[in-house]
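Trainee: This structure is in structure tokens; I'll ask about it shortly.
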Amino acid sequence: MHRSIRAVTAAVMRSPVRHVVGPLVTPLDRWLFRASRGRLKLSAPMIPSLTLFTTGAKTGARRQVPLMCFPRDDGGWFVAGSNFGRERHPAWSANLLAHPDAEVHYRGRLTPVVARMLEPAEAERLWPVLERQWPHYRDYEITAHRDIRIFELQPAQAAADAG
């Protein structure tokens, strides 16, 4: 059931409708997260999603953005900066490039993470995994006319242990 809903939603969000719906989704999801004190996310019933807290690249202010995520078996996540197929990279991706230390709110837990943008070859190998969760996800690169940035979010403690 979820897979067919995802496929239909993915198709709609690749259509011109995304220009109307896309700009509404993030603010609505952000509001729902705040209003529910972190218990609800708009997309969570359909796809894995998290709230990412970053430090603004230019302002240094704390920023919050709801994102579809790709959970990893080791407790980390992948997130992709599709920005609904827009030509500009999402601001949160610039924030992570400037300040890779961030926090993830996922399933009721706040976890400090360290972000790392995948190298092109790593991203290429990951695309089939991402598209199993969100059909034709990579099509956003066509409409955006850019490579989509993909980040690995590793829990800070695991990153420290590995380093």
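The values are calculated or read from the model by the stated rules, or taken from the named source; none is laboratory data. Just so it is clear, the model here is predicted, and its values are computed rather than measured. Methodologically, a virtual Cβ is constructed for each residue, glycine included, from the backbone with ideal geometry; neighbour enumeration extends over all protein chains shown.
Trainee: Go through Gly56, Gly60, Gly81, Gly85 for me and flag whichever is buried (at least 17 other Cβ atoms within 10 Å of the Cβ), more than 14 Å from Pro155 (Cα to Cα), among the small types (Gly, Ala, Ser) and at pLDDT 95 or above.
Mentor: Gly81
Trainee: Given the conditions (1) surrounded by fewer than 17 Cβ atoms within 10 Å (Cβ to Cβ); (2) in contact with a Leu (Cβ under 8 Å, 6 or more places away or on another chain); (3) of a type outside the set (Val, Ile, Thr), report the number of the one that Glu152 does not fulfil.
Mentor: All conditions are met except number (1).
Trainee: Sort through Leu50, Leu118 and tell me the only one that's touching a strand residue (DSSP E or B) at 6+ places or on another chain (Cβ under 6 Å) and either free of Cβ contacts under 8 Å to residues at least 24 places away in the same chain or surrounded by 20 or more Cβ atoms within 10 Å (Cβ to Cβ) (or both).
Mentor: The match here is Leu50.
Trainee: Then there's this: Can you tell me which residue in the stretch 88-108 is farthest from Pro48 (Cα to Cα), limited to those that are modelled with pLDDT of 95 or more and of a type in the set (Gly, Ala, Ser)?
Mentor: Ala98
Trainee: A further question on this structure: How about the stretch 74-107: which of its residues are touching a Gly at 6+ places or on another chain (Cβ under 7 Å) and in a loop (DSSP other than H, G, I, E, B)?
Mentor: His89, Pro90
Trainee: Considering only the stretch 109-163, state which residues are closer than 21 Å to Glu87 by Cβ, among the basic types (Lys, Arg) and either in a strand (DSSP E or B) or at pLDDT below 95 (or both).
Mentor: Listed by number, the list holds a single entry, Arg138.
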